Amino acid sequence: TSDRPWAGALSFGLHSHMQRNATEIALGADLVFIGPQTRLDKLQDALHGAIGAPRLSDDMLALQIPNTIRPTLVFEAGQVIELGAAVSLRPFAEARAGDETLVRIGADFNFGTIGRGELLVRESVTGQRYRAVYDSAPGYSFSIGGDIAYVADSVYLPEDRGYELTSHRDRARVGVHWQGENASAFYGLTYLGKEFSGQDEGQLTGSLRLKLRF
(Lines give C-alpha, C1' and ligand atoms only; values in the text may rest on other atoms or scores of the structure.)
Protein backbone atom coordinates (compact mmCIF):
# COMPACT_ATOMS: atom_id res chain seq x y z
CA THR A 1 0.00 0.00 0.00
CA SER A 2 1.59 3.29 -1.14
CA ASP A 3 -1.33 5.72 -0.82
CA ARG A 4 -3.83 6.45 1.90
CA PRO A 5 -7.54 5.76 1.25
CA TRP A 6 -9.85 8.65 0.42
CA ALA A 7 -11.69 9.93 3.49
CA GLY A 8 -14.32 12.60 3.90
CA ALA A 9 -14.56 14.05 7.41
CA LEU A 10 -16.73 16.77 8.94
CA SER A 11 -16.39 17.74 12.61
CA PHE A 12 -18.71 19.67 14.89
CA GLY A 13 -17.53 20.59 18.36
CA LEU A 14 -17.10 22.95 21.26
CA HIS A 15 -13.69 24.31 22.24
CA SER A 16 -12.67 26.46 25.17
CA HIS A 17 -9.55 28.65 25.27
CA MET A 18 -8.11 30.00 28.52
CA GLN A 19 -4.89 31.25 30.03
CA ARG A 20 -3.36 30.23 33.36
CA ASN A 21 -0.47 32.55 34.22
CA ALA A 22 1.72 32.35 31.09
CA THR A 23 0.28 29.07 29.79
CA GLU A 24 -2.36 29.07 27.06
CA ILE A 25 -4.75 26.12 27.23
CA ALA A 26 -7.22 24.83 24.65
CA LEU A 27 -9.66 22.02 25.41
CA GLY A 28 -12.34 20.75 23.06
CA ALA A 29 -14.71 17.94 22.16
CA ASP A 30 -15.92 17.08 18.65
CA LEU A 31 -18.15 14.66 16.82
CA VAL A 32 -16.31 13.68 13.65
CA PHE A 33 -18.55 12.35 10.86
CA ILE A 34 -16.55 10.24 8.38
CA GLY A 35 -17.40 8.50 5.13
CA PRO A 36 -19.88 8.86 2.24
CA GLN A 37 -22.49 10.20 4.71
CA THR A 38 -20.67 13.54 4.59
CA ARG A 39 -21.17 13.74 0.79
CA LEU A 40 -17.76 15.38 0.54
CA ASP A 41 -16.86 12.86 -2.17
CA LYS A 42 -19.73 14.24 -4.29
CA LEU A 43 -18.68 17.81 -3.57
CA GLN A 44 -15.03 17.23 -4.50
CA ASP A 45 -15.98 15.36 -7.66
CA ALA A 46 -18.31 18.20 -8.72
CA LEU A 47 -15.67 20.85 -8.04
CA HIS A 48 -13.03 18.90 -9.97
CA GLY A 49 -15.44 18.51 -12.85
CA ALA A 50 -16.21 22.25 -12.85
CA ILE A 51 -12.55 23.30 -13.07
CA GLY A 52 -11.35 20.45 -15.29
CA ALA A 53 -9.26 18.73 -12.61
CA PRO A 54 -8.90 14.91 -12.48
CA ARG A 55 -12.14 13.27 -11.27
CA LEU A 56 -12.35 10.77 -8.44
CA SER A 57 -12.28 7.23 -9.81
CA ASP A 58 -14.90 4.61 -8.95
CA ASP A 59 -12.17 2.37 -7.51
CA MET A 60 -10.96 5.17 -5.22
CA LEU A 61 -14.47 5.88 -3.96
CA ALA A 62 -15.18 2.18 -3.45
CA LEU A 63 -12.20 1.96 -1.08
CA GLN A 64 -12.86 5.18 0.84
CA ILE A 65 -13.17 5.05 4.63
CA PRO A 66 -16.74 3.86 5.41
CA ASN A 67 -19.34 5.69 7.44
CA THR A 68 -18.53 6.12 11.10
CA ILE A 69 -18.92 8.76 13.81
CA ARG A 70 -16.03 9.29 16.21
CA PRO A 71 -16.30 11.37 19.43
CA THR A 72 -12.95 13.16 19.77
CA LEU A 73 -11.21 15.03 22.59
CA VAL A 74 -8.37 17.51 22.00
CA PHE A 75 -6.07 19.22 24.51
CA GLU A 76 -3.26 21.68 23.83
CA ALA A 77 -1.02 23.71 26.14
CA GLY A 78 1.44 26.32 24.90
CA GLN A 79 3.41 29.32 26.09
CA VAL A 80 4.45 32.43 24.16
CA ILE A 81 8.08 33.45 24.68
CA GLU A 82 8.86 36.99 23.52
CA LEU A 83 12.21 37.13 21.73
CA GLY A 84 12.02 40.75 20.59
CA ALA A 85 9.69 43.61 19.73
CA ALA A 86 8.08 41.63 16.90
CA VAL A 87 9.41 38.08 17.29
CA SER A 88 7.95 35.34 19.46
CA LEU A 89 8.32 31.59 19.97
CA ARG A 90 5.45 29.38 21.13
CA PRO A 91 6.32 25.79 22.12
CA PHE A 92 3.29 23.54 22.64
CA ALA A 93 2.15 20.04 23.51
CA GLU A 94 -1.03 18.38 22.27
CA ALA A 95 -3.00 15.22 22.96
CA ARG A 96 -5.87 13.89 20.83
CA ALA A 97 -8.12 10.85 21.24
CA GLY A 98 -10.94 9.77 18.94
CA ASP A 99 -10.61 9.74 15.16
CA GLU A 100 -6.86 9.63 15.81
CA THR A 101 -5.10 8.92 19.10
CA LEU A 102 -1.81 10.78 19.41
CA VAL A 103 0.51 12.97 21.44
CA ARG A 104 2.47 15.79 19.80
CA ILE A 105 5.10 18.39 20.67
CA GLY A 106 6.30 21.29 18.55
CA ALA A 107 6.81 25.03 18.28
CA ASP A 108 5.86 28.00 16.12
CA PHE A 109 7.78 31.23 15.49
CA ASN A 110 5.92 34.44 14.63
CA PHE A 111 7.60 37.45 13.00
CA GLY A 112 5.49 40.62 13.02
CA THR A 113 2.71 42.28 14.97
CA ILE A 114 -0.28 40.43 13.49
CA GLY A 115 -1.53 37.91 16.01
CA ARG A 116 -0.18 39.62 19.12
CA GLY A 117 -2.90 40.01 21.73
CA GLU A 118 -5.30 37.98 19.58
CA LEU A 119 -6.74 34.49 19.88
CA LEU A 120 -5.15 32.03 17.43
CA VAL A 121 -6.43 28.48 17.08
CA ARG A 122 -4.78 25.47 15.46
CA GLU A 123 -6.08 23.67 12.38
CA SER A 124 -5.91 19.95 13.08
CA VAL A 125 -4.51 18.56 9.80
CA THR A 126 -1.75 21.06 9.01
CA GLY A 127 -1.13 22.57 12.44
CA GLN A 128 -1.38 26.07 10.98
CA ARG A 129 -2.57 28.66 13.52
CA TYR A 130 -5.24 31.06 12.28
CA ARG A 131 -6.82 34.10 13.92
CA ALA A 132 -10.19 33.68 15.67
CA VAL A 133 -10.22 37.04 17.49
CA TYR A 134 -8.90 40.05 15.54
CA ASP A 135 -7.26 43.11 17.10
CA SER A 136 -4.39 44.24 14.85
CA ALA A 137 -3.48 47.29 12.84
CA PRO A 138 -2.86 46.76 9.11
CA GLY A 139 0.36 44.92 8.36
CA TYR A 140 1.96 41.51 7.89
CA SER A 141 3.20 38.64 10.04
CA PHE A 142 5.16 35.57 9.00
CA SER A 143 5.09 32.23 10.79
CA ILE A 144 7.24 29.13 10.68
CA GLY A 145 6.74 26.02 12.74
CA GLY A 146 6.91 22.28 13.05
CA ASP A 147 6.04 19.37 15.28
CA ILE A 148 6.45 15.64 15.76
CA ALA A 149 3.79 13.19 16.94
CA TYR A 150 3.46 9.63 18.10
CA VAL A 151 0.23 8.18 16.68
CA ALA A 152 -1.21 5.12 18.37
CA ASP A 153 -4.33 4.74 16.23
CA SER A 154 -5.99 6.34 13.19
CA VAL A 155 -9.41 5.64 11.70
CA TYR A 156 -8.05 7.02 8.41
CA LEU A 157 -5.34 4.32 8.19
CA PRO A 158 -7.08 1.09 9.25
CA GLU A 159 -4.86 -1.78 10.29
CA ASP A 160 -7.24 -4.34 8.77
CA ARG A 161 -6.32 -2.97 5.34
CA GLY A 162 -2.64 -3.51 5.97
CA TYR A 163 -1.63 0.01 7.04
CA GLU A 164 1.22 0.09 9.55
CA LEU A 165 1.65 3.50 11.21
CA THR A 166 5.11 5.06 11.19
CA SER A 167 6.90 5.43 14.53
CA HIS A 168 6.48 9.21 14.32
CA ARG A 169 4.61 11.77 12.21
CA ASP A 170 6.32 15.03 11.20
CA ARG A 171 4.92 18.36 10.02
CA ALA A 172 6.71 21.55 8.90
CA ARG A 173 4.87 24.75 7.95
CA VAL A 174 5.22 28.37 6.89
CA GLY A 175 2.54 31.01 6.58
CA VAL A 176 1.81 34.70 6.14
CA HIS A 177 -0.93 36.79 7.76
CA TRP A 178 -2.06 40.01 6.07
CA GLN A 179 -4.32 42.59 7.70
CA GLY A 180 -5.86 45.46 5.74
CA GLU A 181 -8.38 48.12 6.68
CA ASN A 182 -11.46 46.06 5.74
CA ALA A 183 -10.06 42.65 4.90
CA SER A 184 -7.55 40.09 6.10
CA ALA A 185 -6.05 36.91 4.73
CA PHE A 186 -3.82 34.00 5.61
CA TYR A 187 -1.96 31.65 3.30
CA GLY A 188 0.20 28.76 4.45
CA LEU A 189 2.15 25.81 3.09
CA THR A 190 2.59 22.64 5.13
CA TYR A 191 4.74 19.58 4.52
CA LEU A 192 3.16 16.44 5.96
CA GLY A 193 5.66 13.63 6.45
CA LYS A 194 5.06 9.95 5.83
CA GLU A 195 2.28 8.52 7.98
CA PHE A 196 2.53 4.78 7.30
CA SER A 197 5.08 2.22 6.20
CA GLY A 198 5.20 1.88 2.43
CA GLN A 199 4.09 5.44 1.74
CA ASP A 200 6.24 6.68 -1.14
CA GLU A 201 6.64 10.29 0.05
CA GLY A 202 5.11 13.04 2.14
CA GLN A 203 2.79 15.67 0.74
CA LEU A 204 2.63 19.47 0.46
CA THR A 205 -0.66 21.11 1.41
CA GLY A 206 -1.84 24.70 1.00
CA SER A 207 -4.14 26.60 3.39
CA LEU A 208 -6.14 29.74 2.60
CA ARG A 209 -8.34 31.87 4.86
CA LEU A 210 -10.07 35.13 3.90
CA LYS A 211 -12.09 37.62 5.93
CA LEU A 212 -13.97 40.52 4.28
CA ARG A 213 -15.88 43.29 6.04
CA PHE A 214 -18.76 45.02 4.25
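The values are calculated or read from the model by the stated rules, or taken from the named source; none is laboratory data. All values reported here derive from a predicted model rather than from experimental measurement. Positions of Cβ are backbone-derived with ideal geometry, glycine not excepted, and every protein chain shown enters the neighbour counts. The accessibility values were calculated without ligands, DNA or RNA, using every heavy atom of the protein model including side chains. Shrake-Rupley method; radii C 1.70, N 1.55, O 1.52, S 1.80 Å.
Around the amide H of G202, modelled in the peptide plane, lie the amide H atoms of K194, all under 5 Å away and 5 or more residues distant in sequence or on another chain. Averaged over its residues, the chain has an accessible area of 57 Å² per residue, based on protein heavy atoms and a 1.4 Å probe. The E123 and R213 beta-carbon pair, evaluated with R₀ = 30 Å, returns a calculated FRET efficiency of approximately 0.85.
Springs between alpha-carbon atoms under 10 Å, Gaussian network over the chain: tell me which of D59, D30, D41 tops the mean-square fluctuations. Comparing D59, D30, D41 in the GNM, the peak value goes to D59. Taken along the Cα-to-beta-carbon direction at a fixed 7 Å, the label points for Y150 and L47 span 3.6 nm.
Projecting the Cα positions of L192, V174, A152 onto the charge dipole of the chain (unit charges on Cβ atoms of Lys, Arg, Asp and Glu, taken about the Cα centre) puts V174 furthest along the positive direction. Each peptide among 92-103, 115-126 gets the average number of other Cβ atoms lying within 10 Å of its residues, and from highest to lowest they stand as 92-103, 115-126.
On full extension, the segment bounded by A62 and A29 gains 8.9 nm, given 0.36 nm per residue less the C-alpha separation. Within the accessible area of region 1-85, the carbon and sulfur atoms contribute 59%, probe 1.4 Å, all protein chains present. Among the protein heavy atoms, those of H168 account for about 80 Å² of accessible surface (1.4 Å probe, every chain in place).
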